[in-house]
Amino acid sequence: MDHSCWTLISSDCYEHPSFAVFIKKTEKAPVGMMAFIGDQKVEFVPMEQNKVHIKINDKNFDLQDNGFLFWPLDQAPIQNKVFGNFLFKIIRRQNSYVLDFFPQMMINY
């Protein structure tokens, strides 16, 4: 079976969807994840055991344990800084990541 393609696992059903989530089996880890939130592309790319690269719009972000990233609507993101007006946030706890696009979806990766 070919595992090189992305599989849609969740999306909303509006005429103009606000999010879509895809997974893909990788050689180095069980699955990679890609989500589109509005016009933002968020990727969780497993590299090796317990190591994940986060890419947002093809830009790499390295979240340390207990780190977080708010994606503000009107300015550039800064890791570990809280913004009041944001589209989504990512929180890391040890080897677990939460992608929160409230109230539409919350994913534990």
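Values as computed for the structure displayed
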{"read-out": "Failed criterion for Ile54 (all others in (1) surrounded by 15 or more Cβ atoms within 10 Å (Cβ to Cβ); (2) among the β-branched types (Val, Ile, Thr); (3) part of a loop (DSSP other than H, G, I, E, B) hold)", "value": "(3)"}
{"read-out": "Check on Met47, in a strand (DSSP E or B), open to solvent by less than 60 Å² (accessible area, probe 1.4 Å), within 14 Å of Tyr97 (Cβ to Cβ) and modelled with pLDDT under 90", "value": "yes"}
{"read-out": "Test for Ile90: is it of a type in the set (A, V, I, L, M), open to solvent by less than 40 Å² (accessible area, probe 1.4 Å), in a strand (DSSP E or B) and modelled with pLDDT under 95", "value": "no"}
{"read-out": "Count - residues of region 57-87 that are in a strand (DSSP E or B) and touching a residue at least 12 places away in the same chain (Cβ under 8 Å)", "value": "8"}
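The values are calculated or read from the model by the stated rules, or taken from the named source; none is laboratory data. Please read these numbers as outputs of a predicted model, since none were measured by experiment. For neighbour counting, all protein chains shown are included, and Cβ atoms are generated from backbone atoms with ideal geometry for every residue, glycine included. Note: areas computed on protein heavy atoms with side chains; ligands, DNA, RNA excluded. Shrake-Rupley method; radii C 1.70, N 1.55, O 1.52, S 1.80 Å.
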